[in-house]
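J.: The structure under discussion is supplied below as structure tokens; questions concerning it will follow.
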Amino acid sequence: MGETGQVTFAMQTFERIHPVEFQRRFLSQSTRHTGREFMQFRSLQVIKGAISTAQGSATVRLGNTTVVCGIKAEVCEPDVKTPSSGYLTTNIELSPMCSARFRPGAPSDEAQVASEHIHRLSAHLLDLTHLCIEKGRAAWSLSADIVCLKHDGNVLDAAVIALVAALEDLRLPRAEFDSATGMVSAERTMGHVEVQRRLFPATFTLVDDVYVVADADDAEEQMAAASLLVVMDADGKLANIWKRGAGVMSKENIELCVQAAGVRMAEIAKALQ
């Protein structure tokens, strides 16, 4: 083994035995173990129409993190409280297939928290009255299932982008309600469902209670004291901000994160094209 190979082997061994100290060595030198700068995001790839059996779908790769979103549509009866609206339900799955950190069985706490927040964000995405077929009688119900295929940190950003992309890919048949039979007939012609408000997420992580980094990978998330999700809309307005964890993020750091999220918005918009 050459000198370079010995150094690489020693670093890999050090990372396995002392992962926290390994990260600290890089962070103290104002860099990250992957060579990224603190506010640098990983490369983003979006592929729409990834699932032929779904009415709308998308695959998103954020660095090594990979998620796929598929949307299925079915006709149902509207809620009596909202007779002119349809439904959009979301769910995210983090299984042992995507990371050894997850176990079979009930959804993990991370999956439940992510699902709940994506559900809240989804309220911004569609005008549910556009899913109405016949007031009080029939409407479209959309089920968006987001599955993580590989977890290498920041699944929430990838999941939100995948949901937006899948909704933009969504095609629904033009449907009519027959009041005589109470049945819905669907034409072959397919139409778009307009996304009401495009959302652009950017997550920042407070690592080791000292350093704030953008788009943390799995190793960095293991040292997280807190994280901050900043969501912008297409007009550059702040749509949502959500802090998790007990770590304290200063006002200056939060302002820096919001500024970086504005820059990230342009990168996500380009990938969604």
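The values are calculated or read from the model by the stated rules, or taken from the named source; none is laboratory data. Model, not experiment: these values are computed from the prediction. As a convention, Cβ positions derive from the backbone with ideal geometry for all residues, glycine included, and neighbour counts pool all protein chains shown.
J.: Mind telling me which of the residues 269, 261, 234, 216 ends up being of a type in the set (Gly, Ala, Ser), in contact with a Pro (Cβ under 9 Å, 6 or more places away or on another chain) and under 25 Å from residue 47 (Cα atoms)? Give the derivation first.
T.: Working: 269 fails: in contact with a Pro (Cβ under 9 Å, 6 or more places away or on another chain); 234 fails: in contact with a Pro (Cβ under 9 Å, 6 or more places away or on another chain); 216 fails: in contact with a Pro (Cβ under 9 Å, 6 or more places away or on another chain).
Result of the check over 269, 261, 234, 216: 261.
J.: Listed residues 216, 260; which is at pLDDT 95 or above and in a helix (DSSP H, G or I)?
T.: Numbers: 216 fails: in a helix (DSSP H, G or I).
Going through 216, 260 in turn, just one is at pLDDT 95 or above and in a helix (DSSP H, G or I): 260.
J.: Turning to a different aspect of this structure: With (1) within 29 Å of residue 233 (Cβ to Cβ); (2) small (Gly, Ala, Ser); (3) loosely packed, with under 14 Cβ neighbours inside 10 Å as the list, and residue 105 as the residue in question, which single condition is left unmet?
T.: All conditions are met except number (1).
J.: Name the residue, out of 162, 144, 166, 202, that is buried (at least 18 other Cβ atoms within 10 Å of the Cβ) and under 22 Å from residue 31 (Cα atoms).
T.: Numbers: 162 fails: under 22 Å from residue 31 (Cα atoms); 144 fails: under 22 Å from residue 31 (Cα atoms); 166 fails: under 22 Å from residue 31 (Cα atoms).
None of the other options fit; the residue is 202.
J.: Might you check whether a residue that is of a type in the set (Phe, Trp, Tyr), farther than 28 Å from residue 207 by Cα, over 12 Å from the mean Cα position of the chain (by Cα) and modelled with pLDDT under 90 occurs anywhere in region 168-181?
T.: Residues of region 168-181 that are of a type in the set (Phe, Trp, Tyr), as a first pass: 177.
In the following step, the residues that additionally are farther than 28 Å from residue 207 by Cα were identified as 177.
Filter again for over 12 Å from the mean Cα position of the chain (by Cα), leaving 177.
If we keep only those that are modelled with pLDDT under 90 too, we end up with 177.
Yes, region 168-181 contains a residue that is of a type in the set (Phe, Trp, Tyr), farther than 28 Å from residue 207 by Cα, over 12 Å from the mean Cα position of the chain (by Cα) and modelled with pLDDT under 90.
J.: Any residue in region 119-143 that is farther than 16 Å from residue 169 by Cα and touching a residue at least 60 places away in the same chain (Cβ under 8 Å) sitting within a Cβ distance under 8 Å of a residue that is among the acidic types (Asp, Glu) and surrounded by 15 or more Cβ atoms within 10 Å (Cβ to Cβ)? List the pairs, counting only those 6 or more apart or interchain.
T.: 124/233
J.: Of the residues that sit in region 125-183 and are small (Gly, Ala, Ser) and in a loop (DSSP other than H, G, I, E, B), which one is nearest to residue 233 (Cα to Cα)?
T.: Checked region 125-183; the qualifying residue nearest to residue 233 (Cα to Cα) is 153.
J.: Is there a residue in region 155-167 that is in contact with a Ser or Thr (Cβ under 8 Å, 6 or more places away or on another chain), over 23 Å from residue 91 (Cβ atoms), in contact (Cβ under 8 Å) with a residue 40 or more places away in the chain and of a type in the set (A, V, I, L, M)? Full working, then the answer.
T.: Start the filter on region 155-167 by keeping residues that are in contact with a Ser or Thr (Cβ under 8 Å, 6 or more places away or on another chain), which leaves 155-158, 162-163, 166.
Still in the running and over 23 Å from residue 91 (Cβ atoms): none.
Taking every residue of region 155-167 in turn, none turns out to be in contact with a Ser or Thr (Cβ under 8 Å, 6 or more places away or on another chain), over 23 Å from residue 91 (Cβ atoms), in contact (Cβ under 8 Å) with a residue 40 or more places away in the chain and of a type in the set (A, V, I, L, M).
J.: Quick check, is residue 111 among the small types (Gly, Ala, Ser), at pLDDT 95 or above and either surrounded by 23 or more Cβ atoms within 10 Å (Cβ to Cβ) or not in a loop (DSSP other than H, G, I, E, B) (or both)? Write out each step before concluding.
T.: Numbers: among the small types (Gly, Ala, Ser): yes; at pLDDT 95 or above: no; either surrounded by 23 or more Cβ atoms within 10 Å (Cβ to Cβ) or not in a loop (DSSP other than H, G, I, E, B) (or both): yes.
It is false that residue 111 is among the small types (Gly, Ala, Ser), at pLDDT 95 or above and either surrounded by 23 or more Cβ atoms within 10 Å (Cβ to Cβ) or not in a loop (DSSP other than H, G, I, E, B) (or both).
J.: Please verify whether residue 59 is modelled with pLDDT of 95 or more, under 13 Å from residue 166 (Cβ atoms) and crowded, with 20+ Cβ neighbours inside 10 Å, treating the condition exactly as stated.
T.: Details: modelled with pLDDT of 95 or more: yes; under 13 Å from residue 166 (Cβ atoms): yes; crowded, with 20+ Cβ neighbours inside 10 Å: yes.
Criteria met by residue 59.
J.: Of all residues in region 26-82, which are closer than 30 Å to residue 136 by Cβ, more than 15 Å from the chain's Cα centre (by Cα) and among the hydrophobic types (A, V, I, L, M, F, W, C)?
T.: Correct list: 54, 73, 75, 76, 80.
J.: Out of 265, 232, 223, I need the residue that is in contact (Cβ under 8 Å) with a residue 60 or more places away in the chain and touching a helix residue (DSSP H, G or I) at 6+ places or on another chain (Cβ under 7 Å). Which one?
T.: Working: 265 fails: touching a helix residue (DSSP H, G or I) at 6+ places or on another chain (Cβ under 7 Å); 232 fails: in contact (Cβ under 8 Å) with a residue 60 or more places away in the chain.
Going through 265, 232, 223 in turn, the sole match is 223.
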